[in-house]
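This report refers to the structure that appears directly beneath it.
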Protein chains: 2
Amino acid sequence: MTQEVQVESTHIFQRLQTQLSRMIAETPPGNRLPAEPELAKQLGVSRATLREAMRSFEGQGLIRRRQGIGTFVVGHSQVIESGLEVLESIETLARRIQLEVSMGALHVSQIKATPTMATALQVEENAQLVQIARVIQAERRPVAYLVDTLPEDILAPADLQQGFTGSVLDLLLQHSSLPLATSRAEIQAVAASPEIARLLEIQRGDVLLLFSAQLFTSTGKVVDYSLSYFLPGYFQFHVVRRVEGSR
Amino acid sequence: MTQEVQVESTHIFQRLQTQLSRMIAETPPGNRLPAEPELAKQLGVSRATLREAMRSFEGQGLIRRRQGIGTFVVGHSQVIESGLEVLESIETLARRIQLEVSMGALHVSQIKATPTMATALQVEENAQLVQIARVIQAERRPVAYLVDTLPEDILAPADLQQGFTGSVLDLLLQHSSLPLATSRAEIQAVAASPEIARLLEIQRGDVLLLFSAQLFTSTGKVVDYSLSYFLPGYFQFHVVRRVEGSR
DNA sequence: CAGTGGTCTAGACCACACG
DNA sequence: GTGTGGTCTAGACCACTGA
């Protein structure tokens, strides 16, 4: 009916994306792209502009840039799919599709509750908490960053000494008699902070899907507050919604 | 020759963010920040670096940059909160909290099904479809971009001539006898394309929450395929998840 | 060591809003 | 026209990797 109005000539960015898209498609997975200065020269743009255009492809998981090594085309990875009606650990989801995941960079610390944590966990401010941060890897690549915060009486650091594979949920299910019932998760899109970007080996500002969740027992007590950052392209979350007034 | 050696060269970004954060907090909502060249000089950085640091604050909805006018501090806006168990239109959600929303930039077109659309809508490729794209505004600011695609026999362009306020869901509920039952939505974090960035008045590459949804009737027929892009900071989606099976 | 991506700079020009 | 943010450039230096 109507035609989209599109500014074309001045926007090098879009032309670049088209060229890069073709170049990536024509490069076998695992292979390296030309170095940035050379590629910029080839395409007739500055390196800054080239890098900006490359960002979106990295965000989609099509390429991976590694400092000191180069930029590589990534093959279509297996996707971890999950509905949001049931809470399951990444390990459980991965096992279902025979995908191997591992944990890297585990960091356990004892902290005092900040106002945000105190509210989320329904504890006093400055209460003693245990925080468990770790990166989840699939196919030798970081794909998620998970931070769980729990009251010290729910889980002590010692409980993590042996056989912790990355899932606090599985640990609580196996090693405690807590009647876990539900989890309430808020869903947000966020930009990667410099710290999280470093851990996930992406650029700062890249998009991440964030779940901020509280884990409840059947008595309504909060036993865990978690932040889960997911790289796009490796996870696929879906939810079935009921239409109001139907049923 | 007398080039300055950079001090804390790897931390300029974080220092900048701290300074900007304080500056934004101290500026009353609605007021303007200094112009970029001046602010860059004040803070002792280049304009490019300043702009990069400002991006995250715009992504959080704390500031708003408007070409030709300036950069403004935004007051804490009212948040549209919704659970994902029930599908409701933004209009319905907004009405509940007495928030005024309006529709801008309605764009209705007749198109032929692309492969993606054909799959999602369970129709033949090149089937005649109606596509409805529009921006949703709250507090005189674009906050969401919605694109609905439907088979022509479900909804004709003529049905949109009068009284369409932005919600295809509400229109289908009111003006058709279709037994709408459920919606299946995939949840992703995406970077804004140049086109969507322009429509939502944000920067390209800014983070958006995207729902890709199919709307089903009780007989399992797909009547609508929609893409919904949400600005962070204006919406809060949550879901309650059931903990499955203690082993 | 050489080569890669990561960051930052200074300056230029463009597109847009407003008087 | 003036002043704003939006885009792009050419070049410099830093941080990291691997031979």
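Values in this text are rule-based calculations from the coordinates and carry no lab data. No experiment lies behind these values; they were computed from the predicted model shown. For neighbour counting, all protein chains shown are included, and Cβ atoms are generated from backbone atoms with ideal geometry for every residue, glycine included.
If you run the Gaussian network model on chain A, springs between alpha carbon atoms under 10 Å, then out of A:G75, A:G104, A:G44 the most flexible one is A:G44. In this rough spin-label picture, where each label sits 7 Å from Cα along the Cβ direction, the B:F164-A:A181 distance is 4.5 nm. Summing Cβ point charges (Lys, Arg +1; Asp, Glu -1) relative to the Cα centre of the protein assembly as shown gives a dipole of roughly 960 debye. Name the residue farthest towards the positive end of the dipole of chain A from the options A:L180, A:L62, A:Q14, assuming +1 on Cβ of Lys and Arg, -1 on Cβ of Asp and Glu, about the Cα centre. Sorting the options by dipole projection puts first A:Q14.
Only DSSP H runs of four or more residues enter the estimate; each adds -39500 (n - 2.57), and after division by the residues of the protein assembly as shown the mean residue ellipticity at 222 nm equals -7500 deg cm²/dmol.
Can you pull the mean other chain C-beta count within 10 Å for peptide B:232-240?
Mean partner shielding for this stretch: 6.
Expressed as a fraction of 2.2 N^0.38 Å, the rule-of-thumb size for a compact globular protein of N residues, what is the C-alpha radius of gyration of the stretch A:126-191? Display every interim value, and only then the final one.
Working: Rg = 13.6 Å, N = 66, 2.2 N^0.38 = 10.8 Å.
That works out to 1.26 for the stretch A:126-191.
Between A:V79 and A:S218, the C-beta separation translates, for a Förster distance of 41 Å, into a calculated FRET efficiency of about 0.80.
Look at where the Cα atoms of the stretch B:38-107 and of the stretch A:58-76 average out, and the two centres are 31 Å apart. Using Cα-only point scatterers and the Debye equation, what is log10 of I(q)/I(0) for the stretch A:97-247 at each q in 0.15, 0.16 Å⁻¹, rounded to two decimals? Here log10 of I(q) over I(0) equals -0.87, -0.98.
Filter the GluC sites (Glu not before Pro) in the stretch A:152-199 down to the DSSP loop ones having no more than 14 other Cβ atoms within 10 Å, then list what survives.
Details: sites: A:E152, A:E186, A:E195; in loops: A:E152.
Of the GluC sites (Glu not before Pro), the ones in loops of the stretch A:152-199 whose Cβ has at most 14 other Cβ atoms within 10 Å are A:E152.
Between the stretch A:117-184 and the stretch A:195-214, the C-alpha centres lie 18 angstrom from each other.
Please give, to one decimal in nm, the separation of the simple spin-label points placed at A:S193 and A:R32, each 7 Å out from Cα toward the Cβ. Using points 7 Å along Cα→Cβ, the separation is 3.4 nm.
Taking every alpha-carbon pair in the protein assembly as shown and binning the separations at 20 Å intervals from zero gives 20, 54, 25, 1 percent.
A compact globular protein would have a Cα radius of gyration near 2.2 N^0.38 Å; the ratio found for the stretch B:37-96 is 1.65. Residues whose amide H falls under 5 Å from that of A:F235, counting only those 5 or more places apart or on a different chain, are A:I80, with hydrogens built in the peptide plane. Our estimate of slack between B:E201 and B:R64, defined as 0.36 nm per intervening residue step minus the Cα-Cα distance, is 48.5 nm. Only Cα pairs within less than 10 Å get springs; with that Gaussian network setup on chain A, which residue of A:H11, A:H76, A:H107 has the largest fluctuation? Greatest mean-square fluctuation among the candidates belongs to A:H11. Nearest 5 is fine: what % of DSSP beta bridges in chain B come out antiparallel, could you say? If we restrict to bridges inside chain B, about 90 percent are antiparallel. Take every DSSP beta bridge whose two residues both sit in the stretch B:139-247; close to 95 percent of them are antiparallel.
What does the average come to when, for each residue of peptide B:191-199, you count the partner chain Cβ atoms lying within 10 Å of its Cβ? Spell out each step's value before the answer.
On the way: counts 11, 2, 3, 6, 5, 0, 0, 1, 0.
Other-chain Cβ atoms within 10 Å of each residue's Cβ, averaged: 3.
Couplings 3J(HN,Hα) for the stretch B:195-208, derived from phi with the Karplus relation 6.51 cos²θ - 1.76 cosθ + 1.60 (θ = phi - 60°), are 5, 5, 4, 5, 5, 8, 6, 10, 8, 5, x, 5, 7, 9 Hz, where x marks Gly and Pro.
Taking loop as defined by DSSP and a crowding limit of 12 other beta carbons within 10 Å, which trypsin sites (Lys or Arg not before Pro) in the stretch A:99-184 fit?
Answer by residue number: A:R140.
Legend: calculated FRET efficiency, B:Q42 to B:E139, from the Cβ-Cβ distance at R0 = 25 Å, rounded to 0.05, equals 0.25. The mean count of C-beta atoms from other chains within 10 Å of the C-beta of residues in A:214-220, rounded to a whole number, is 1. Rg then Dmax, both in Å and based on the Cα atoms of the stretch B:1-115: 20.4, 66. Here r is the Cβ-Cβ distance between B:E152 and A:R242 and R0 is 25 Å; the resulting FRET efficiency, rounded to 0.05, is 0.40.
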